[in-house]
Amino acid sequence: MKKNILVLVGVLALSLSACSSPHTDDKKESVQTSTATSLECVHVSQRTLEALSTGITETAGLSGKIAAVKAPDFKNVYFVAAQVSGTDVPERVIGVWSTNGDVTSETMATGFMSVNNYAKNFSDWGDASKGSGAIYDDEKGVAEAAACLSK
């Protein structure tokens, strides 16, 4: 019985991987995760960068490197990763925030919630882990959004 289940899982994994599109454009890039799933890096608009910057603390700033991943387990949520810099900021700090706005739009007007500790420490955006619909830093897509910055 266990052997049949393992074979079935293997067949399903191969079937799903065959369904993924081999095409990417200049706005999306695939990121492989440790669980063998693939999420797309999404180009983030200048307006989204500006909107996110409004909540960054006075001692920090965004370096301009920013990317996002559509959260696979939440409807209409993106995880936005940005490199944080400043006098009180250690090197290579990447904050991750969540938003339900269209991060590709030049009219992006929604707010953000801080997902990881760097986002919480270097921005005034609320804590995404508080309240209903809580989002935590170990959600699928958070690490992948940060990995998009190294592409």
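The values are calculated or read from the model by the stated rules, or taken from the named source; none is laboratory data. These numbers come from a predicted model, not from an experiment. Positions of Cβ are generated from backbone atoms using ideal geometry, with glycine treated the same way; all protein chains shown enter the neighbour counts.
Determine whether segment 29-50 contains at least one residue that is closer than 21 Å to ALA128 by Cα, of a type in the set (Lys, Arg) and either modelled with pLDDT of 90 or more or under 12 Å from the mean Cα position of the chain (by Cα) (or both).
No, segment 29-50 has no match at all.
Go through segment 135-151 and give me each residue that's modelled with pLDDT of 95 or more and surrounded by 11 or more Cβ atoms within 10 Å (Cβ to Cβ).
Within segment 135-151, ILE135, ASP137, GLU139, LYS140, GLY141, VAL142, ALA143, GLU144, ALA145, ALA146, ALA147, CYS148 meet the criteria.
What do you reckon, is ASP88 in contact with an Asp or Glu (Cβ under 9 Å, 6 or more places away or on another chain) and exposed (fewer than 12 other Cβ atoms within 10 Å of the Cβ)?
no
Of the residues in segment 137-151, how many are in contact with a strand residue (DSSP E or B) (Cβ under 7 Å, 6 or more places away or on another chain) and either in a helix (DSSP H, G or I) or without any contact (Cβ under 8 Å) to a residue 24 or more places away in the chain (or both)?
The qualifying residues number 6.
Please determine, by comparing only the residues of segment 109-126 that are buried (at least 22 other Cβ atoms within 10 Å of the Cβ) and hydroxyl-bearing (Ser, Thr, Tyr), which one is nearest to GLY61 (Cα to Cα).
Among those that are buried (at least 22 other Cβ atoms within 10 Å of the Cβ) and hydroxyl-bearing (Ser, Thr, Tyr), it is SER123.
Hey, among the residues in segment 106-132 that are small (Gly, Ala, Ser) and in contact (Cβ under 8 Å) with a residue 24 or more places away in the chain, which one's farthest from GLY95 (Cα to Cα)?
ALA109
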